[in-house]
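One structure below.
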Amino acid sequence: MLSEKSQTLKWREVYSLAALNAAVVISWIAYHEYQPVLMKNLGITHLVDFMIVAKAIILVTIPPIAGWLSDKILQKNGKYLIIFTVGIGATAMVFMVVATLIGTSDVIDVSTIVPFMIVIWLICMNLFISPANSMIEAFAPAKQLPIVVGVLFLVTELLYALEPVVVALVLFFGDTLTFIVGGILISVTGFIFHKVSRDEVMQRKSELIANDRVKTQTPMSYLAIVVVGLFLGLGKAFLVEFLPEHFATRFPGFTEYEGYISFAILGICAVSGFLISKKVSKSNLRKVIVSSFIVLAVGVGTMIFSYDPYLTLIAALIIGAGFTMANISGLPFAIRNLSVRHVTYGVGIYIGASEVITGLFEYMYR
């Protein structure tokens, strides 16, 4: 039986995780802004394809590996935050190393070491993602998980929607200072999250393990999580990668608006996801997910075959609706169908699966 304390929603922990996710989003925006510039300045543009493929492979494979390691360490040593701590510390350190290398690039040749450090940074960034996000089960009762995801979704997607503003700040800071600020953001928010959630996580984890909701983990549970992750990634890929390219090639007169349309829809998704999260928490998650699949399929099909810019915009809004529904219900669905002993691994699989189609689209539209 779970204690009364374990049945309450821990907002302090939720806000600290939201702050960490915000730091991650800002870091990714900075990476996407400066990675091509760095490679051009260092004369290593021939490695662009390699970096895109390496990033895609890392985003798909590292979260499940980190999750599996976290679960194994928890079962063996009773410690949950080791992989998370290593990931946070290593990411901050690599940020500082890259900042130093950029600052000395005029004096010494760093063209060989920088690509290597970027790959290490990508790995480190993905070490703590699944351990951090799987902790939400210790922050709220199972029925309220969509509300927690709604808060996280609001923060992350609003930042992506405000990417032009973030990019302007990044350009203002310059490359070296941006990497220093990125390292500070990750280390500070990671430390706060660790400090705030450490005792709470271990207490609730112990209770959840003693009252495990899933006694036997089956391959079908993982398959369902992969499918949900793939559909979630499909929605994000069409909004972020496909839509701007689609507008640019099919509707040349709207070229100047292509990026802003994606940002605007992500902003709408962020707010609407937060607003529907309470309703989703009272709904059957399986039905919500199936509905999101249908909505996504309708939106994707309409967008692909549309030759009218306004119909394409309507299709993008439909995809946004499906993407939002899948986001708010997907992670809670994954957690509810996973044993507490395997939840971090399962969440890692879910996160990795959600990056597959985005990685393919990024390579196609490079």
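The values are calculated or read from the model by the stated rules, or taken from the named source; none is laboratory data. Keep in mind that this is a model prediction, so the values were computed, not measured. Cβ atoms come from the backbone with ideal geometry, glycine included; neighbour counts cover every protein chain shown. Side chains are part of the model used for accessible areas, which takes the heavy atoms of the whole protein and leaves out ligands, DNA and RNA. Shrake-Rupley method; radii C 1.70, N 1.55, O 1.52, S 1.80 Å.
Against the conditions (1) under 28 Å from L338 (Cα atoms); (2) out of contact with any Leu (no Cβ under 6 Å at 6 or more places or on another chain), K55 satisfies every one except (2). So which residues in region 106-121 are over 16 Å from the mean Cα position of the chain (by Cα), open to solvent by less than 40 Å² (accessible area, probe 1.4 Å) and in contact (Cβ under 8 Å) with a residue 24 or more places away in the chain, if there are any at all? Hits for region 106-121 are V110, S111, V114, P115, I118, V119. Which residues, counting only those in region 230-252, are farther than 22 Å from A56 by Cβ, in contact (Cβ under 8 Å) with a residue 40 or more places away in the chain and open to solvent by 50 Å² or more (accessible area, probe 1.4 Å)? The answer is R250, and nothing else. So for region 154-163 (the condition being over 28 Å from V60 (Cβ atoms) and either modelled with pLDDT under 85 or over 23 Å from the mean Cα position of the chain (by Cα) (or both)), does at least one residue qualify? The answer is no, given that none of the residues of region 154-163 is over 28 Å from V60 (Cβ atoms) and either modelled with pLDDT under 85 or over 23 Å from the mean Cα position of the chain (by Cα) (or both). Counted as qualifying within region 274-366 are the helices (runs of 4 or more DSSP H) with 3 or more residues that are open to solvent by 30 Å² or more (accessible area, probe 1.4 Å) and over 19 Å from I147 (Cα atoms), namely 285-305, 309-336, 356-364.
A count restricted to region 164-174 and to residues that are open to solvent by less than 50 Å² (accessible area, probe 1.4 Å) and part of a helix (DSSP H, G or I) stands at 3.
Filtered by the rule that a residue be at pLDDT below 85 and of a type in the set (S, T, N, Q), region 100-132 gives T100, T104, S105, S111, T112, S130.
Is there a residue being under 19 Å from the mean Cα position of the chain (by Cα), of a type in the set (S, T, Y), more than 18 Å from G346 (Cα to Cα) and open to solvent by less than 20 Å² (accessible area, probe 1.4 Å) anywhere in region 75-91? Checking region 75-91: at least one residue is under 19 Å from the mean Cα position of the chain (by Cα), of a type in the set (S, T, Y), more than 18 Å from G346 (Cα to Cα) and open to solvent by less than 20 Å² (accessible area, probe 1.4 Å). Can we say T61 is open to solvent by 30 Å² or more (accessible area, probe 1.4 Å), under 22 Å from S354 (Cβ atoms), in contact (Cβ under 8 Å) with a residue 60 or more places away in the chain and under 18 Å from the mean Cα position of the chain (by Cα)? Considered against the rule, which asks whether it is open to solvent by 30 Å² or more (accessible area, probe 1.4 Å), under 22 Å from S354 (Cβ atoms), in contact (Cβ under 8 Å) with a residue 60 or more places away in the chain and under 18 Å from the mean Cα position of the chain (by Cα), T61 comes out as yes. For C124, the conditions (1) assigned to a helix (DSSP H, G or I); (2) open to solvent by 40 Å² or more (accessible area, probe 1.4 Å) all hold with the exception of (2).
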